[in-house]
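Comments concern the structure below.
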Amino acid sequence: MSAMLRVVTIVNALIYFGAATYHSGVLVSAGALGPASIAEALLGLVLVAALAGFISPRIAYVIVLAGTLFGLTIVVLRGLLGVDLWIHVVMLAGLAVAFALIFTRPTA
């Protein structure tokens, strides 16, 4: 894993753990959504597993993308177009940066 991908993965994991904390209701009771909290924490752990070298970054990011798109689908279908939508937009932006780093090779 390149140094830049490592930094992006750390930031992405923090975003997922932050979203999990938000949805746990610890910070804002209005944000409480137990299943989302669990899913986001698990996706954050997948990124940590990639950082630790337990799984490849490509596999980790595909798993996290699938989970994020599933969550976004739920957000849209339920009409939760406030904070929940923006959390997923930020997540997708972070994933886009990571995929760009994973699938492009620097030219030397």
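The values are calculated or read from the model by the stated rules, or taken from the named source; none is laboratory data. Since we're looking at a predicted model, the values are computed, not measured. Cβ sites come from the backbone with ideal geometry, for glycine too, and all protein chains shown count toward neighbours. Heads up: the accessible areas ignore ligands, DNA and RNA and are worked out on the full protein's heavy atoms, side chains in. Shrake-Rupley method; radii C 1.70, N 1.55, O 1.52, S 1.80 Å.
List of remarks:
- Seen from V90, the other residues with C-beta closer than 14 Å to its C-beta sum to a net charge of -2, counting Lys and Arg as +1 and Asp and Glu as -1.
- Once the C-beta distance of R78 and L14 is scaled by a Förster radius of 41 Å, the resulting FRET efficiency is 0.95 to the nearest 0.05.
- More than 22 angstrom apart: percent of Cα pairs within the chain: 29 percent
- Under the Debye formula (equal points on every Cα, no solvent term), log10 I(q)/I(0) of the stretch 31-86 at q = 0.13, 0.14, 0.20, 0.25 Å⁻¹: -0.36, -0.42, -0.74, -0.96
- Per-pair calculated FRET efficiency, R0 = 22 Å: V89 and V26 via Cβ, rounded to 0.05: 0.45
- Stretch gain in nm, segment A52-S2, where the contour uses 0.36 nm per residue and the Cα spacing is subtracted: 16.7 nm
- Ligands, DNA and RNA are left out, and with a 1.4 angstrom probe the accessible area of the chain is 58 Å² per residue.
- Contour minus Cα-Cα distance for A96 and A41 (0.36 nm per residue): 17.8 nm
- For the chain, the 222 nm mean residue ellipticity estimated from helices alone, with every DSSP H stretch of n ≥ 4 adding -39500 (n - 2.57) and the total spread over all residues, rounds to -27000 deg cm²/dmol.
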